[in-house]
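A short worksheet on the structure shown next.
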Amino acid sequence: MGSRAKLVYLHLINRTRTDRLHPITWNQQDTKPIPNPKEPDTYRPIALISCTEKVAERMVLSRLQWKIGQLHHSLYAYRIGIGTQECITDVLTKINDKKAFVTFLDLEKAFELASSPAILFTLVKSKE
């Protein structure tokens, strides 16, 4: 993509955010079954979203991180190269064969449903 196309793309994504007119088609998922590597006869679903939405999410995340700094080390979502395996490994390392009660929380559509004024207020307060 050339520099002109990147500017047009940036303008498009910024406009959807400022006008709060997020196209529904960007979030439509296409769920595909893929073979489970450990059990070849079984499948697990993966959900694919549009490339435009994926880029928009990364842009918003980058802007938030620029504003508030790095994400907390206990947050495993939205961190490149960090996933479920790292989370479980960290938990098992910390409990070290002791009894423990662990809760994993995955809030579906949490980012989309979050209050924009609350996020902005938190960002401003965190820099004061």
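The values are calculated or read from the model by the stated rules, or taken from the named source; none is laboratory data. Model, not experiment: these values are computed from the prediction. Here the Cβ positions follow ideal geometry from the backbone for every residue, glycine too, while neighbour counts run over all protein chains shown. With ligands, DNA and RNA removed, areas are computed over all heavy atoms of the protein, side chains included. Shrake-Rupley method; radii C 1.70, N 1.55, O 1.52, S 1.80 Å.
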**OP:** Just add up the charged neighbours of I34: K/R +1, D/E -1, any other residue whose Cβ is under 14 Å from the Cβ of I34.
**Re:** 0
Subject >> the range 12-66 - percent relative contact order, Cα under 8 Å, separation 6 or more >> reply: 29 percent
Original post:
Carbon and sulfur: what percent of the chain's accessible surface (1.4 Å probe)?
Top reply: 60 percent
Original post:
When the convex hull of the Cα atoms of the chain is projected onto a plane and the area is averaged over all directions, what value comes out in nm²?
Top reply: 12.0 nm²
**OP:** Using only Cα positions of the range 1-67, each an equal point scatterer, no hydration layer, compute I(q)/I(0) via Debye at q = 0.12, 0.16 Å⁻¹ and quote the log10 values to two decimals.
**Re:** -0.47, -0.70
Subject >> Phi-based couplings in Hz for the range 35-43 (Karplus 6.51, -1.76, 1.60; Gly and Pro marked x) >> reply: x, 7, x, 7, 9, x, 7, 10, 10
**OP:** Please compute the net charge surrounding H73, taking Lys and Arg as +1 and Asp and Glu as -1 over other residues with Cβ under 14 Å from its Cβ.
**Re:** 0
Subject >> Value of relative contact order over the range 1-107, rounded to a whole percent, pairs C-alpha under 8 Å and six or more apart >> reply: 14 percent
Subject >> Net charge of Cβ neighbours under 13 Å - reference C51; Lys, Arg +1; Asp, Glu -1 >> reply: -1
Subject >> Computed [θ] at 222 nm, deg cm²/dmol, the chain (DSSP H ≥ 4; -39,500 (n - 2.57); rounded to nearest 500) >> reply: -15500 deg cm²/dmol
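If you roll a 1.4 Å probe over the heavy atoms of the protein chains, what accessible area per residue do you get for the chain, in Å²?
Heavy-atom SASA per residue in the chain reads 86 Å².
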Original post:
Can you give the charge dipole size of the chain about its Cα centre, rounded to the nearest 20 debye, using +1 on the beta carbon of Lys and Arg and -1 on the beta carbon of Asp and Glu?
Top reply: 540 debye
